[in-house]
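Student: Below is a structure I'd like to ask you about.
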Amino acid sequence: MKALMITRLSGPEALAVQDAPDPVAKPGQTIVRVSAGGLNFADVMTTKGGYPGTPAAPLIAGREFAGAEEGSGRRVMGYTQWAAFAEKTAAYSHMLWPVPERWSDEQAAAFPVNYFTAYLLYWQSGMTQPPAAGRTHRVLIHAVAGGVGTAAVQIGKLLGVELYGTSSSDEKLARVKELGLQHAINYKQHDYEETVKNLTHGEGVDSVFEMLGGEHTAKSTRCLRDFGRVIQYGTATGNQPRLDLRALYAKSASVQGLWLSYLSQKREIMEPAWQQLSVWIEQGKVTPQIGHVLPMDRAVEAYKLLEAGKNYGKVVLKIST
Ligand SMILES: NC(=O)c1ccc[n+]([C@@H]2O[C@H](COP(=O)([O-])OP(=O)(O)OC[C@H]3O[C@@H](n4cnc5c(N)ncnc54)[C@H](OP(=O)(O)O)[C@@H]3O)[C@@H](O)[C@H]2O)c1
């Protein structure tokens, strides 16, 4: 079969489409014929050996996909840790979900990581339950025009959350506003800490979905309301998160982590999340936002788009027809 190989852990340039042996299903797994793959920031990090647990190269790239299950022919979308970007992949049955009839394979490949992560960000923020009477939850979403960001806007709108979001581009922000973002902040033009403070009359937000790292962890803590929390779920700047202990003390706030690779192993967390997400899908209330579709032989370009932060929504690779 054809597969997208990470030939060396030296960045996207070392990606190449090569022949690879067909996968063999382990107990609990089925083989899926993959037609599309969703690209994640984690895939970019993996090419540099920067993602926790990356095996030695060469390895097959990719962690989410859509296609047809061998045998049953059922259309599925799935999540795995490695080896999704190939004509065939072996996937655990509990990490496969049925593709809604009206979705294309590209849309389905853009679903699992973004929507489970976004849903669990709200769950960890205590926002999947209604707020106390007379109170509205507020969230600040960094990279709001990205894959997880656009999913978080759609879900936040359904949960009745007041949404604040940052991006480097007015053009991207205009598109996210159409999805329901109320407060769009271009961080190249405005300081987000100041802007959040002004827009919330000095109160702040209940939660920040923080995936930048470095000084942004501290800065995001200063955007919080009393008892608020920064949910740290990435470090796209490549810098270790810095804490502002004074702001944490002053507001009884917290910084907590979220990692889908770990949470996805817990059925008691994933099944209720899917129950809610599948209801919204059925009602047509969540639709993956795809910015770019490229064939697998242009993977280097696709990875670089994400690496440079030039994407809107999801970057999808066409694997086979
Ligand atoms: N913990 C987990 O389980 C988990 C799961 C999924 C994703 N993540 C993390 O969530 C983040 C978003 O992932 P994604 O796949 O949805 O990507 P994405 O948000 O679609 O793309 C990254 C976006 O981040 C923004 N950005 C800001 N600073 C950047 C920088 N220094 N380099 C590159 N981009 C930068 C860019 O948007 P603007 O130009 O609009 O700012 C860019 O479009 C990543 O950090 C990823 O590792 C974590």
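The values are calculated or read from the model by the stated rules, or taken from the named source; none is laboratory data. Predicted model, so just to flag it, every value in this text is computed and none were measured. Here Cβ is always computed from backbone atoms with ideal geometry, including for glycine, and neighbour counts include all displayed protein chains.
Student: Taking only segment 27-62 into account, find how many residues are in a loop (DSSP other than H, G, I, E, B), closer than 23 Å to residue 312 by Cβ and touching a Gly at 6+ places or on another chain (Cβ under 8 Å).
Tutor: 2
Student: Also, I was wondering about something else. Which of the residues that make up segment 94-121 are closer than 28 Å to residue 207 by Cα and not in a helix (DSSP H, G or I)?
Tutor: 110, 111
Student: Right, another one. What residue, among those in segment 135-189 that are among the β-branched types (Val, Ile, Thr) and within 18 Å of residue 223 (Cα to Cα), is modelled with the lowest pLDDT?
Tutor: Here the residue is 136.
Student: Are any residues in segment 281-292 in a helix (DSSP H, G or I) and within 18 Å of the chain's Cα centre (by Cα), and if so, which ones?
Tutor: 281 - this is the single residue of segment 281-292 that is in a helix (DSSP H, G or I) and within 18 Å of the chain's Cα centre (by Cα).
Student: Another question, then. Condition first: charged (D, E, K, R) and surrounded by 22 or more Cβ atoms within 10 Å (Cβ to Cβ). Now tell me which residues in segment 89-108 satisfy that.
Tutor: 105
Student: Suppose the filter is of a type in the set (Gly, Ala, Ser), away from the ligand (no atom under 15 Å from the Cβ) and loosely packed, with under 15 Cβ neighbours inside 10 Å; does residue 28 pass it?
Tutor: Here the answer is yes, as residue 28 does meet what is asked.
Student: Please work out which residue is modelled with the lowest pLDDT, limiting yourself to segment 236-251 and to residues that are out of contact with any His (no Cβ under 9 Å at 6 or more places or on another chain) and either within 16 Å of the ligand (Cβ to nearest atom) or within 22 Å of residue 48 (Cβ to Cβ) (or both).
Tutor: For segment 236-251, the residue satisfying everything is 238.
Student: Considering segment 252-264 alone, what residues qualify as being within 16 Å of the ligand (Cβ to nearest atom), surrounded by fewer than 17 Cβ atoms within 10 Å (Cβ to Cβ) and either assigned to a strand (DSSP E or B) or modelled with pLDDT under 95 (or both)?
Tutor: 256, 257
Student: Then there is this: With the structure loaded, tell me whether residue 78 is at positive phi, touching a strand residue (DSSP E or B) at 6+ places or on another chain (Cβ under 9 Å) and either at pLDDT 95 or above or not in a loop (DSSP other than H, G, I, E, B) (or both) or whether it fails that test.
Tutor: no
Student: Something else: Of the residues that make up segment 269-278, is at least one modelled with pLDDT of 95 or more, more than 13 Å from the ligand (Cβ to nearest atom), under 27 Å from residue 110 (Cα atoms) and in a loop (DSSP other than H, G, I, E, B)?
Tutor: No, there is no match, as no residue in segment 269-278 is modelled with pLDDT of 95 or more, more than 13 Å from the ligand (Cβ to nearest atom), under 27 Å from residue 110 (Cα atoms) and in a loop (DSSP other than H, G, I, E, B).
Student: So which residues in segment 124-139 are outside any loop (DSSP other than H, G, I, E, B) and aliphatic (A, V, I, L, M)?
Tutor: 139, the sole residue that qualifies.
Student: Checking the conditions here, which among 156, 126, 134, 147 is more than 9 Å from the ligand (Cβ to nearest atom) and touching a residue at least 12 places away in the same chain (Cβ under 8 Å)?
Tutor: 156
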